[in-house]
There are 2 protein chains.
Amino acid sequence: MTTTPASAPAQDDDFLRLDQQICFSLNAAARAFGGLYRVVLKDLGLTYPQYLVMLVLWEHGGLPVKKVGEHLRLDSGTLSPLLKRLETAGLVRRERSARDERSVTVELTDEGAALRERALRVPRRIAAATGFELAEIEDLRSRLDRLTGTLDAAALEETPACE
Amino acid sequence: MTTTPASAPAQDDDFLRLDQQICFSLNAAARAFGGLYRVVLKDLGLTYPQYLVMLVLWEHGGLPVKKVGEHLRLDSGTLSPLLKRLETAGLVRRERSARDERSVTVELTDEGAALRERALRVPRRIAAATGFELAEIEDLRSRLDRLTGTLDAAALEETPACE
DNA sequence: CACAATTAAATTGTGCACAACTGAATGACG
DNA sequence: CGTCATTCAGTTGTGCACAATTTAATTGTG
């Protein structure tokens, strides 16, 4: 069928195909969401990751970079340049914490806080575009979260430094 | 609760939270898969997107860049540099098609074809790490594919140029 | 045949994710 | 008190995704 002779049992080929489809479907769905958010967030001037940061700040107010990263599973390598762009856009302000000079607190500017009003219509448009019932979304979400937890644990076990 | 007073009804806040969780859960799961594949694919010297390209070539043999992109939903802007890296690694060869000089055919080298043997063990390790039954994976996959289709259609409708 | 429209690949530019590293500040412990 | 490990943010480098543009080849149409 392919380049290899009969050395590999059919099961391996089946797995190969299946395995592609799980993670690939996941990636495809994430990228499809990205395309939709790109359109919807365009007039807010935000990318999807920037929107996520704003969601965290709208919900929790000023936070250290570290805490923002914990909410979004992102490290400073991703957040530092992203926050710099949000700062350039006038949506946030970054200040070294007085009590711990290592920490930088991210605060909303007035403009950043005001943007929330315009963002309120976003979720409805996204939810409508999925064509899913709320219950089905909830179900999907819980499966995905369980999957993420299992995968994280598995990646740790597979890492050389674990033994 | 947050920075805004009672001007926004509670529903909007709920949506805001929910909306984050659907796409966010999706992204988180995709990134968790990425972390696992990074570990598992390390000794093959492939990234996950490169692995996907190799899967397509192992299954279909030599293909034009366009066809590879159709299988993976990727355009030449992503594939060109990726294929260049695979070529540098000695796994593929790119040749201008004789019958259509616009098209470039991607072929496996002997080394690229041989790598398939070592890749056969990958899917089992990934599948095991998910901790999901095959049926549950299938179910999840079909939901995600349906979601992707709906989202793609919605993004088209939302695009200004659609009317 | 000529010429406009289309197609394929590559390039450019922006932004994200992540590993690895740097530098500064803090905290723990002898 | 001094030293050493840890923590936090930032930087660097690699690779991916995607929009927009470029270049060349092909196709369609008059």
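Below is a table of values for the structure above.
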quantity: Hull-based mean projected area of chain B, where the convex hull spans the alpha carbons, in square nanometres; calculated: 15.0 nm²
quantity: Inter-copy spacing of B:Arg85 label points, which lie 7 Å from Cα along Cα→Cβ, given in nm from shortest upward; calculated: 2.0
quantity: Highest-MSF residue in chain B out of B:Ala129, B:Ala153, B:Ala28 [GNM, Cα springs under 10 Å]; calculated: B:Ala153
quantity: Computed over the protein assembly as shown, the ratio Rg/Rh where both radii use C-alpha atoms and Rh is Kirkwood; calculated: 1.01
quantity: Chain B, relative contact order in percent, only Cα pairs under 8 angstrom and at least six apart counted; calculated: 16 percent
quantity: For chain B, built as a Gaussian network whose Cα springs stay under 10 Å, the top-fluctuating residue of B:Ala127, B:Ala32, B:Ala135; calculated: B:Ala135
quantity: 0 to 90° range, to nearest 10: angle between helix B:48-60 axis and chain B longest Cα axis; calculated: 50 degrees
quantity: Helix axis angle, A:110-119 relative to chain A longest principal axis, alpha carbon, degrees; calculated: 50 degrees
quantity: MRE, 222 nm, helices only [DSSP H, n ≥ 4, -39500 (n - 2.57), over chain B, to nearest 500]; calculated: -22000 deg cm²/dmol
quantity: Reachable lysines from B:Lys67, criterion Cα separation under 24 angstrom, eight or more residues apart if same chain; calculated: B:Lys84
quantity: For the axis carrying chain A to chain B: nearest C-beta residue of A, whole Å; calculated: A:Ala30, 2
quantity: Carbon/sulfur fraction of accessible area - the protein assembly as shown, other protein chains in place, 1.4 Å, %; calculated: 52 percent
quantity: Eligible aspartates and glutamates near A:Lys66 by straight Cα distance, threshold 15 Å, same-chain separation 8 or greater; calculated: A:Asp75, A:Glu95, A:Asp100, A:Glu101, A:Glu107
quantity: Euclidean distance between Cα centres, the stretch A:96-124 to the stretch B:101-115, Å; calculated: 49 Å
quantity: Cα long-axis angle, helix A:134-158 against chain A (0 to 90 degrees, to the nearest 10); calculated: 70 degrees
quantity: Calculated label separations, A:Lys42, copies of the chain, 7 Å along the beta-carbon direction, nm; calculated: 4.2
quantity: For B:Lys66, inter-copy label distances in nm, listed shortest first [label point 7 Å out on the Cα-Cβ vector]; calculated: 5.4
quantity: Interface area, A with B, accessible, probe 1.4 Å, both sides summed, Å² nearest 100; calculated: 7300 Å²
quantity: 10 Å Cβ neighbours from other chains, averaged over peptide A:37-43; calculated: 3
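The values are calculated or read from the model by the stated rules, or taken from the named source; none is laboratory data. All figures in this text were calculated on a predicted structure; none of them were measured in a lab. Please note: Cβ atoms are built from the backbone with ideal geometry, for glycine as well, and neighbour counts cover all protein chains shown. With ligands, DNA and RNA removed, areas are computed over all heavy atoms of the protein, side chains included. Shrake-Rupley method; radii C 1.70, N 1.55, O 1.52, S 1.80 Å.
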